[in-house]
Every structure is written in structure tokens, then in C-alpha cells.
1. Report in % the part of the accessible area of segment 45-169 that belongs to carbon and sulfur, leaving out ligands and nucleic acids; probe 1.4 Å.
2. In cubic angstrom, how much convex hull volume per residue do the alpha carbon atoms of segment 72-142 span?
3. Given the rule -39500 (n - 2.57) for each run of at least 4 DSSP H residues, summed and divided by the residues of the chain, what is its mean residue ellipticity at 222 nm, to the nearest 500 deg cm²/dmol?
4. For Ile115, what residues show an amide H to amide H distance below 5 Å, using hydrogens built from the backbone and excluding near sequence neighbours?
5. Where the centroid of each part is defined by its Cα atoms, how far is segment 144-161 from segment 34-93 in Å?
6. Need one word for segment 27-169: rounded, prolate or oblate. Basis is the Cα gyration tensor (sqrt eigenvalues a ≥ b ≥ c); a/c below 1.5 gives rounded, then a/b vs b/c decides.
7. Which pairs, out of Lys57/Lys110; Lys11/Lys33; Lys33/Lys89; Lys4/Lys60; Lys47/Lys158, put more than 31 Å between their alpha-carbon atoms?
8. For the chain, what is the relative contact order in percent, using Cα pairs closer than 8 Å and at least 6 residues apart in sequence?
Amino acid sequence: AADKKVIKMLKYTSSGYYFTSSLPAAQAAGLIKAFELIDNGPEIREKLWNNIYEVVKRIKFLGLNIPDRFSCIIPVFIGDESKSIAAEKILLQEGIVCSSVRVPAVAPGKAQLRITINASHSAEHLDLLLKGLSRVASELEIPLLPINIEEWRSFASKHLPEYVSIKSD
């Protein structure tokens, strides 16, 4: 997944190229199939971005702190490490696997939850996640700054990729 000059440079300067075995055939076939699905299955990307859009919108409406840039991995800033650990446990009780990220992965006082969204998540999964995050905010007294619909539209127009259409909310 690079231009020819980069590939050639990596081939001749990477020790891993010479000193490792090639991939097992099953892994290589799986990667080939994954690339075929990416190339020929735009509906998977659309579903993923629709899920990301929905989760980010609802987190913003709830008022939890997330960054202005996002992908399928959405950090929710908690700050306090003990609250981040407690949030992970609350979400697990709700049936949601979500990692608490804390020192040394982040600076002290910058603990966060790491939410990962994928195309296979259903609306029910997303509802469960937001219910769990709402419980986290309430039980752990996380400060909230909810936005309104006009603020959301402004945020979405600036921060959503251009190929994600802003839905009428």
C-alpha cells in the first residue's frame, strides 16, 4: 500500500524483509479477501461511517468530551484514572467491552475510554453503548457539556469526512 519507490526502499533496507518468514497461505488469502471487500464493498464503509456518525452525535448530545477528529476509534476523555477504571467496569456490566486507557499510555490526569466502532454493530448495539455511557456519566459524576442541534450541525460540517452526508437530525 505504497508507491513503488517506497516499496523498493523497504524491501532493501528492512531487516524484517530478509530475516522473517513469509505469511502463511491462510493469512495471505485472508488479507487478499479483506482488500477485495474494501475495494468492492462500499456499503461496508458506508455502514461503518453511519455507525461512527451516530455514536459521535449521541456522545456529543450527551455531553461527554471527545476529540474533534475521530475515526472508528473514539476516545472519551475521563481524566481521573480511577473513574476511567470504574467506567470500564460499568460498561462491562452493561455488556460492553471498552478499554480504560491510563498511565503510562496517556499522561497523568488524561485517562480515557477507548471505544471501537465497526460496521457490524447494529442500532441496538449503539443504543446499548449510549445507555452505558449515560450510566457512566451519571454514576461517576462526569462533567457534561451537551450540545444542541445547531452546534452539532456546525461540528459535523467541520469535522466529518466530506463523503459522510450530514443527515437531517
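The values are calculated or read from the model by the stated rules, or taken from the named source; none is laboratory data. Since the structure is predicted, the reported quantities are computational estimates derived from the model, not experimental observations. Just the protein is used for accessible areas: all its heavy atoms, side chains included, with ligands, DNA and RNA removed. Shrake-Rupley method; radii C 1.70, N 1.55, O 1.52, S 1.80 Å.
1. Carbon and sulfur atoms account for 54 percent of the accessible area of segment 45-169.
2. Measuring per residue, one finds 73 Å³ for the Cα hull of segment 72-142.
3. The helix contribution divided over the chain gives -17500 deg cm²/dmol.
4. Amide H neighbours of Ile115, under 5 Å, 5+ apart: Ile74, Val76.
5. One Cα centre to the other: 15 Å.
6. oblate
7. Values: Lys57/Lys110 22 Å; Lys11/Lys33 24 Å; Lys33/Lys89 36 Å; Lys4/Lys60 42 Å; Lys47/Lys158 21 Å.
In this structure, Lys33/Lys89; Lys4/Lys60 lie more than 31 Å apart at Cα.
8. For the chain, the relative contact order is 24 percent.
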